[in-house]
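Visitor: Below is a structure I'd like to ask you about.
The values are calculated or read from the model by the stated rules, or taken from the named source; none is laboratory data. Note that the structure is a prediction, hence the values are computed from the model and not measured. No Cβ is skipped: glycine too gets one built from the backbone with ideal geometry, and neighbour counts run over all protein chains shown. Areas reflect the complete protein model, heavy atoms only, side chains present, ligands, DNA and RNA absent. Shrake-Rupley method; radii C 1.70, N 1.55, O 1.52, S 1.80 Å.
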Amino acid sequence: MELKSNWGKAKTIGVLVVIALIVMLIYGSAGTGVSVRTAKVIKGKISAYTEERGRTSLPHLYHVTMPMEGRVLPILVEQGDMVRKGEIVVRLDNAEWIDATKETADIISAVGKWVEAIGAQVRAGNIRLDFTEWEWKANEKLLKAQTISDREERESRRRYLDSSVKIEESQAMLQMSKSIQSIMDLLPGYVSRNLERTEVRSPVAGTILKRHVWNEKVMTPGEPLLDIGNLSELEITADILTEEAVRIQVGDKVEIFGEAVGDQKLAGVVRMLEPEAFTKISSMGVEEQRVTVKISFAEGALKTLQDTGRSLGLHYRVRVKIITDEKDKALLVPRTALFHGMKGQWQLYKVDGGRAKLMDVEVGLLNDMQAELLSGIVATDEVIIAPESTVIDGVKVAVAM
């Protein structure tokens, strides 16, 4: 009994559905028609583009670091200050290096006198060696003539050998002294260079972007002091999905807009696509592969912005629209008029004699607002925008005003 009851209910529901469909068809064919919004097919210009968020960046950011260990004096330049190339931006305590300059001069002088003294010893030793050699040779002859004793001859030979050893020692000392003098001669240059390094100069003309140190402080080599960049070289970095980046070419035109630049749009151009993609997790937690694209401002674009009372700094947020293709005099319909058919083909409804006619169309360039039609439609046609489920092929339609 329960099965029969359920079967009866199902039959009743089915009958009601059929009746509803018949009513809809009758209404669509004999009544006022399904209310729709339409748009005329027009000829015009269309652009295919990729839109994404970006941020301002600099191709060259100069990090001024501690050149050597020492005490940094209070830094006087402020963030935002303009500096010239070679201008002193940081000073280190240089008292020790000034003292070292004077001490080095005294050391060089002392070493020079020491080398002169050793040289004099060598010269005296050579004279002594010549005399003792002459004395020994003479005594050898006298010994053969039995004029002197063997002891006297041996004693003269010993004095000659002692002089020979001493001259070798003096010459070795002279060589060592000259080597030390050569090393000492490098000392003034070393001290002078370190004295110069106590004045840290800007490597480029630009703006102080960040100051890492404020007060006097002892620091080690390599610690950051200042970040300097030339804001006239400002560009934009945008991370683009790889499936969209494949359509982007160096030199593509770019529109730069957003709250940071106000109501106007600035012109730009794609400067570079980095060769390596990276993985990024979206705000929805989806893993994405993206490519970094560098965009240069067109000549005069930043000046145009400044004339409106606005200016961009480093890491400002903007939006970019990268134009990947353009076409003039294309047949255009609103993007919302298109949908995919059962086989994945592009379709739309056009109004034909007061009825909706389903059409297969071939689509060319496409963006969020418009679509280019290559076939299936003509310029005089009228298409239905965002058709609802009640719009089917052949149904009577009424254009909403």
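Visitor: Quick check on my filter: what residues within region 146-160 are modelled with pLDDT of 75 or more and open to solvent by 90 Å² or more (accessible area, probe 1.4 Å)?
Guide: Within region 146-160, THR147, ARG151, GLU152, ARG154, ARG158 meet the criteria.
Visitor: In addition: Considering only region 101-137, state which residues are open to solvent by 60 Å² or more (accessible area, probe 1.4 Å), β-branched (Val, Ile, Thr) and under 28 Å from SER192 (Cβ atoms).
Guide: THR101, ILE107
Visitor: When the residues of region 271-296 are narrowed to those that are in contact (Cβ under 8 Å) with a residue 24 or more places away in the chain and closer than 17 Å to LEU58 by Cβ, which ends up surrounded by the most Cβ atoms within 10 Å (Cβ to Cβ)?
Guide: VAL293
Visitor: While we're looking at this one, here's another question. If we keep just the residues of region 340-386 that are loosely packed, with under 15 Cβ neighbours inside 10 Å and among the polar types (S, T, N, Q), which is modelled with the highest pLDDT?
Guide: For region 340-386, the residue satisfying everything is GLN345.
Visitor: Kindly establish whether MET82 is touching a residue at least 12 places away in the same chain (Cβ under 8 Å) and open to solvent by 70 Å² or more (accessible area, probe 1.4 Å).
Guide: Working: touching a residue at least 12 places away in the same chain (Cβ under 8 Å): yes; open to solvent by 70 Å² or more (accessible area, probe 1.4 Å): yes.
Spelling it out, MET82 is indeed touching a residue at least 12 places away in the same chain (Cβ under 8 Å) and open to solvent by 70 Å² or more (accessible area, probe 1.4 Å).
Visitor: Turning to a different aspect of this structure: For region 223-241, which positions are open to solvent by less than 50 Å² (accessible area, probe 1.4 Å) and more than 19 Å from the chain's Cα centre (by Cα)?
Guide: LEU225 - this is the single residue of region 223-241 that is open to solvent by less than 50 Å² (accessible area, probe 1.4 Å) and more than 19 Å from the chain's Cα centre (by Cα).
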